[in-house]
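To start, the structure itself, in structure tokens.
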Amino acid sequence: MKKGCLILVAIWICATVVRLIVMSPLARGREVAAVADIKTIHTAQTQYHSKFGRYAASLDELGPPLGGEDGPARAALVQGDLPSGISGGYQITLQGGPSVYTINANPIAFGSTGRRTFYSDQTQVVRENRGREPASAVSEAIK
């Protein structure tokens, strides 16, 4: 009986190690993509502010129009999955005001789709937290 338990524990440990080896590059790739999405939002916010005199309040406002021409409600500055707020295993949120905005990117399944959370704002400094807690304005800046 004890031998059987040891074998099961050994199998579980091996499976965990294999999962970490395989998932680490995938999670790292998703983290890199989340930072790239944040930088895309910065560019879109700069363009939106230049065009409309304020920052977009949400990702919807940066997304493509539902029909007709683009405008402040839908400026067509970001494409793909980004306007939905779900991109590459991360939940991305944008909150904006006339002269400020904040971006948070958090893994949908912490540990699986990513092991870091990200934050940025109109300063365009991307910050990270290496844990479940959402990154904030006081988190460490990415170098």
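Each helix, a run of at least 4 DSSP H residues, gives -39500 (n - 2.57); summed and divided by the residues of the chain, these come to -14000 deg cm²/dmol at 222 nm.
Over all alpha-carbon pairs in segment 6-143, figure out the percentage whose distance exceeds 17 Å. The answer is 61 percent, as a whole percent. Computed from Cα atoms, the angle from the helix 2-52 axis to the main principal axis of the chain rounds to 10 degrees. Going by a ≥ b ≥ c, the root eigenvalues of the Cα gyration tensor, does segment 45-109 fall in the rounded group (a/c under 1.5), the prolate group (a/b larger than b/c) or the oblate group? Oblate shape, in that a/c is at least 1.5 and b/c is the bigger or equal ratio. The antiparallel fraction among DSSP beta bridges confined to the chain stands at about 95%. You can think of it this way: the chain between ASP70 and GLN91 has 5.1 nm of extra reach, that is 0.36 nm per residue less the Cα-Cα gap. Partner lysines whose Cα lies under 25 Å from the Cα of LYS143, excluding those fewer than 8 positions away in the same chain, are identified as LYS39.
Just so you know, all these numbers are worked out from the coordinates, no wet-lab data involved. Every value quoted in this text rests on a predicted model; they were computed, and no experiment measured them.
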